[in-house]
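In what follows, a single structure is set out as structure tokens and then discussed.
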Amino acid sequence: MKLLILGKPRNFINQIVTSYNDNFHDIDFSIVNENNIKLNKAIITLYKNVINPKFSIASFFYILNILPKISLLFIKSLMMLFISFRQGIKSLNLLGQAILYLAKLQDNNIKHFEIINIHYLSTKKAIITNLLPKKNKIIISFWGSDLFRQDGVCNYFWTLKSLNRADIIQISSVEMEQTILIKYGFHLKPKIKYAKFLPDYKLINLIEEFRNNDLKINKFKKKHNIPPHSTCICIGNNGSIGNQHIKTLEAIKNIPQIQDCTILLPLTYGLNKEYENTIDHYIKENSLNIICFKTFLTWEDLAILRISSDIFITMQITDAMSDTLSETLFAGNICITGAWLPYSSFRESGASFIDCKDFSTLPLILTKIINNVHSYKQKCKKNPPKVLSYFYNKENLTNEWYSLFLTEKGKTPPVIEI
């Protein structure tokens, strides 16, 4: 069976393919190298074919062949102009991009792929879904922000059409299912299937290796000027403004005990210059002991950061599946999460963490934890085996994807005995 992945060859996707290839041999995976970037040999050998999009004679004939379909979609985009001129123009622009995207793939004759798995459903990919041959089985894999942070008439219209076209809609949490059903319709429920993304086991293995290695931990703290016996509070997953670092810092800055703590801000990706300047200005204007991580950390340093984060706070706007949360829970540390975040899967795992309903209640929660940090950490010692069993069981996770891939078009996925 041939399967084409429309999505960048990133960790989430590569880990699925790696684990699947290790356990099963019934699918040839191909992937589109969307930006024609140079890939390392390990990624290239992972796939049967890495497709670098390019124009050819086949591209020209493809466009001619689908002109009737293009005309219909063009008219629908024009109609959107009457609802919102801006959204209509956006739709027309993205329709053009989607046509060119598929035209560049025609040398590889995508209609010969039995399955097309679309990862991260942007508006452009939603339009692409509606241009794919009807014989293709379509699996749409939501990552999180592509579902929770998208809005506008253009996105809603094309996403609904793509979900109606899809054979399977893959999600990883109850909240994602609820959002799809409420926003796009309960008629989609039979298509929704659960499959968790496979994590990067390298980091988990390093956390396990170093969790009791005081020499490594102290060396890391010395390298980054972290006081050896200070309580470390890590805020956010990355440098995106959606992590609400400033709002979190404002909420906790007046806690008396905060002066004895070290605040860690991992900003290694997702940070733009404007937001970096905002954070730097805030640090200068306040007397908090804040250490920012702006350059990429080695795997070893990232593992020790998780171990060193006595308390992890995530109050971001939206999220789906947080690797940072699962890794910190596995490290045995205390986690405070915004109660609005879709973390039902973490509750299902049985792991212990603290929900915070809003920023006004955060100071009281954090004060109580800092005053009793050792007793809270003692409770968290039960988390690692629960997290390991639920989120890092490779056999179970791989079988979830096996079930999705091998479902015949229009039929219910098979039940895999584990």
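Every number in this text was worked out from the coordinates using simple rules, so none of it is lab data. Source: prediction; values computed, not measured. So basically every Cβ, Gly included, is an ideal-geometry build from the backbone, and we count neighbours across all protein chains shown.
Note on region 241-370: with charges restricted to the Cβ of Lys and Arg (+1) and Asp and Glu (-1), its dipole about the Cα centre is near 240 debye. Mind pulling the angle between the C-alpha long axis of helix 85-103 and the longest principal axis of the chain? Nearest 10 degrees, somewhere in 0 to 90. Once rounded, one gets 70 degrees.
The distance linking region 329-353 with region 285-305 is 22 Å (Cα centroid to Cα centroid, whole angstrom).
Under a 5 Å amide H cut-off, with hydrogens placed 1.01 Å from N, VAL32 pairs with ILE5, GLY7, ILE51 among residues at least 5 apart or on other chains. Under 5 Å from the amide H of THR231 lie the amide H atoms of THR262, each residue being 5 or more positions distant or on a separate chain, with H modelled from the backbone and absent for Pro and chain starts. For the chain, the longest principal axis of the alpha carbon atoms and the long axis of helix 67-80 meet at an angle near 50°. Computed per residue of the chain from DSSP H runs no shorter than four, each worth -39500 (n - 2.57), the mean residue ellipticity at 222 nm is -14000 deg cm²/dmol.
Taken over region 99-166, the ratio of Cα radius of gyration to 2.2 N^0.38 Å equals 1.10. Applying the Karplus relation 6.51 cos²θ - 1.76 cosθ + 1.60 with θ = phi - 60° to region 128-136 yields 3J(HN,Hα) values of 4, 4, 6, 9, 6, x, 5, 6, 5 Hz, where x marks Gly and Pro.
Taking amide hydrogens as placed 1.01 Å from N in the peptide plane, the amide H of LYS2 sits under 5 Å from those of ASP28, GLU114, ILE115, each at least 5 positions away in sequence or on another chain.
What residue among ILE290, ILE252, SER56 has its Cα farthest toward the positive end of the dipole of the chain, where the charges are +1 on Lys, Arg and -1 on Asp, Glu, each on the Cβ? Ranked along the dipole, the leading option is SER56. Using the structure shown, list the pairs from LYS196/LYS394; LYS134/LYS161; LYS125/LYS394; LYS54/LYS111; LYS38/LYS104 with a Cα-Cα distance above 20 Å, or answer none. With Cα atoms farther than 20 Å apart: LYS125/LYS394. Relative protection proxy for 128-141, 280-293, from highest mean packing down: 128-141, 280-293 (other beta-carbon atoms within 10 angstrom).
At what distance in angstrom do the alpha carbon centres of region 178-213 and region 115-137 lie from each other? Spelled out, the Cα-based centre of one part sits 21 Å from the other.
Backbone phi angles across region 110-121, fed through the Karplus curve with coefficients 6.51, -1.76 and 1.60 (θ = phi - 60°), yield HN-Hα couplings of 5, 5, 7, 7, 5, 10, 10, 9, 9, 9, 6, 7 Hz in residue order; Gly and Pro are listed as x. Taking only alpha carbon atoms, region 144-194 gives an Rg to Rh ratio of 0.92, where Rh is the Kirkwood radius. A viscosity of 1.567 mPa s and a temperature of 4 °C, combined with the Kirkwood radius over Cα pairs in Stokes-Einstein, give a translational diffusion coefficient for the chain of 55 µm²/s. For the pair LEU364 and VAL50, the difference between a 0.36 nm per residue extended length and the Cα-Cα distance amounts to 107.8 nm. Kindly provide the pair-distance distribution of region 201-305 built from C-alpha pairs, with 5 Å bins from 0 and whole-percent values in order of increasing distance. With 5 Å bins starting at 0, P(r) equals 2, 11, 22, 22, 20, 13, 8, 2. Between PHE142, PHE220, PHE61, find the one with the highest GNM mean-square fluctuation for the chain; connect C-alpha pairs within less than 10 Å. Answer for the Gaussian network model of the chain: PHE61. Axis angle, to the nearest 10 degrees, between helix 11-23 and the longest C-alpha principal axis of the chain: 70 degrees.
Placing unit charges on the Cβ atoms only, positive for Lys and Arg and negative for Asp and Glu, gives the chain a dipole magnitude near 880 debye about its Cα centre.
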